[in-house]
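A quick write-up on the structure given underneath.
The values are calculated or read from the model by the stated rules, or taken from the named source; none is laboratory data. Keep in mind that this is a model prediction, so the values were computed, not measured. Cβ coordinates were reconstructed from backbone atoms using ideal geometry, including for glycine residues, and neighbour counts include every protein chain displayed.
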Amino acid sequence: MTRGWRGGALWGTGLTSLLLATPALGASKEQPGTDAKTPSSDVAALRDEVRELRAELRRAVGEPEASPERARLEVELTAARKSLAALDAAVEAGLDPSALAASEARLKARIDELERALTAQRAAEAKAPHTLYEVSNALDHTLAPRPESKPQPAPPAGWVAEAGQALQSAKASLLPLEFTAFGDLHYRFERPANDDFHIGSAELDASLSLTSFVNVSTAIPYDGESNGFGLAAFVIDCGIAGEGERFPLQTKLVKKSGVTFGRFDVPFGIAYLEYPSVENRLLTQPEAVLATHGAWNDTGAQFYAVGEHWTTLGYLVNGLEHPLNAEETAPARTAAGGRVSGKVDDLFEVGASAAWDFADEGPVMFFGGGDLSLSLGPLDVRGEYLLRHVDAPDVAELTHGAYSRALLHLDPAFLVARYDTVLQGSTTVDRRISAGAGVEIFPQGEVRAVYEQSLDSDLRTVTLQLVGGSSFQPTGLRR
């Protein structure tokens, strides 16, 4: 993943001004938290080190050091401005302006000449701004611990804290854009189909904090089956109330709450939490999900609120196409839904979801469901029941199903299994069992092996997968 985005050139240029705006750590004789008995030599040494760090950061991002000619021009310009200010003060004190007119004109002309010369000198000294990648590397190098050739006296704690906070704040302010990515490659032994390699997915995600409580995120995935790119998410997430700096309204009634606008995975049930390949250790989505809401991704708005023992959310989106008959479908006018849940710490959670798809004549499709999650140490168990109700000729009125999944963490390995069933009315359409195992081979990278079989058809697959990266969480509810 390349971090050298062209916008980084602008941030690289602004780094020096940000650092110069940081209060000089050595400007006062005593700082809060500084021991008054600290030897002056230690304080002076620390001041020198801070000056060296600033100078190194300036050089790292391409800030030119002032040349002798530039320094001379700046000194002369400052003196000329002071002289002009003195003439103005004399006139205000009652001196005849006509007696000073010639001197004032000469000073103004000289100031204009010096300003033009200084501008030209700065342009001649200027360097091309560095990219975001170069700035980040330079900052990491500068902030890295330096080997000491000999033991140094411990500096005052107050000065160290201020220096560290100032430099880390400078880096965070300059690099507000964060990138994540994930992807997977697998080889599938499939019957009755052919065996072959697949790129399951590859996704590049970016997140930008506009303020402490407004975050913009986007996800651009590559889909191996369609061999194309798309826009999976473009989200503006605004915190409202909660605990911490992400929320303008501070309260202990809710941990976090906010509104989200854009394109996102519709949070119906709990399956959407495992859409990314890095989170889905069984590679495929449950058939009960695909046969009902179909891994719903849509454009609209949602509201969420999370308390200590509860979660609630609602959304208004464009909606899914609904069937008119067995051959035809029509777009929805809109869709609305939500989910509520209750939980006991991180051990147990039970939730219920509902959503309606509306056409001009009113509701035309209903989705409902219930979910349960249980976490007992290394064992994570979750299950979900889902249904879709449609009133259209020659179309199954009720499609419903359920799945249950158990995941056992045996760090750095894991075992996982799932049972999945889909029905139309009272008729069983498909039942599947899946089981897999995997091991972490590097941080955020796993090798997995998964077996899947349909109990109602000849479908059987064995898949070997290599997956790596960090998952994307585009809304405040999942962050």
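Which of (1) at pLDDT below 95; (2) over 27 Å from VAL350 (Cα atoms) is the odd one out, the single condition PHE472 does not satisfy?
Tallying (1) at pLDDT below 95; (2) over 27 Å from VAL350 (Cα atoms), PHE472 fails exactly one: (2).
So, in the stretch 303-355, of the ones that are of a type in the set (Val, Ile, Thr) and within 23 Å of HIS400 (Cβ to Cβ), which residue ends up modelled with the lowest pLDDT? Let's see the steps before the verdict.
Here is the first cut: in the stretch 303-355, the residues of a type in the set (Val, Ile, Thr) are 306, 311-312, 317, 329, 334, 340, 344, 350.
When the remaining residues are screened for being within 23 Å of HIS400 (Cβ to Cβ), the result is 317, 329, 340, 350.
Working: VAL317: 97, THR329: 88, VAL340: 97, VAL350: 97.
Looking at residues that are of a type in the set (Val, Ile, Thr) and within 23 Å of HIS400 (Cβ to Cβ), I get THR329.
When you check VAL364 against the structure, is it buried (at least 19 other Cβ atoms within 10 Å of the Cβ), more than 18 Å from TRP296 (Cα to Cα) and aliphatic (A, V, I, L, M), yes or no?
Details: buried (at least 19 other Cβ atoms within 10 Å of the Cβ): yes; more than 18 Å from TRP296 (Cα to Cα): no; aliphatic (A, V, I, L, M): yes.
It is false that VAL364 is buried (at least 19 other Cβ atoms within 10 Å of the Cβ), more than 18 Å from TRP296 (Cα to Cα) and aliphatic (A, V, I, L, M).
Mind telling me which of the residues LEU283, LEU313, LEU320 ends up being of a type outside the set (Asp, Glu), on the phi > 0 side of the Ramachandran plot and over 19 Å from the mean Cα position of the chain (by Cα)? Give the derivation first.
Working: LEU313 fails: on the phi > 0 side of the Ramachandran plot; LEU320 fails: on the phi > 0 side of the Ramachandran plot.
Criteria check complete, one pass: LEU283.
(1) farther than 30 Å from PRO393 by Cβ; (2) more than 27 Å from the chain's Cα centre (by Cα): which one isn't true of ASN325, the others all being true?
With (1) farther than 30 Å from PRO393 by Cβ; (2) more than 27 Å from the chain's Cα centre (by Cα) applied to ASN325, the lone miss is (1).
Let's see how each residue does on (1) farther than 28 Å from LEU408 by Cβ; (2) modelled with pLDDT under 90; (3) among the acidic types (Asp, Glu); (4) in contact with a Phe, Trp or Tyr (Cβ under 7 Å, 6 or more places away or on another chain):
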site: SER201; (1), (2), (3), (4): no, yes, no, yes
site: ASP237; (1), (2), (3), (4): yes, no, yes, no
site: LYS255; (1), (2), (3), (4): yes, no, no, no
site: ARG263; (1), (2), (3), (4): yes, no, no, yes
site: GLU274; (1), (2), (3), (4): no, yes, yes, no
site: LEU282; (1), (2), (3), (4): no, no, no, no
site: GLU287; (1), (2), (3), (4): no, no, yes, no
site: ALA295; (1), (2), (3), (4): no, no, no, yes
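Go through the stretch 327-380 and count every residue that is in a strand (DSSP E or B) and either of a type in the set (Phe, Trp, Tyr) or over 23 Å from ALA271 (Cα atoms) (or both).
First pass over the stretch 327-380, keeping only residues in a strand (DSSP E or B): 329-330, 334-344, 348-359, 362-376, 379-380.
Right, trim to either of a type in the set (Phe, Trp, Tyr) or over 23 Å from ALA271 (Cα atoms) (or both) and you get 329-330, 348, 356, 358-359, 362-364, 366-367.
The qualifying residues number 11.
Do we find a residue being under 22 Å from TYR419 (Cα atoms) and of a type in the set (Asp, Glu) anywhere in the stretch 352-372?
Narrowing the stretch 352-372 to residues under 22 Å from TYR419 (Cα atoms): 352-353, 367-372.
This time we only want the ones that are of a type in the set (Asp, Glu), so: 371.
Within the stretch 352-372 (the criterion being under 22 Å from TYR419 (Cα atoms) and of a type in the set (Asp, Glu)), the answer is yes, since at least one residue qualifies.
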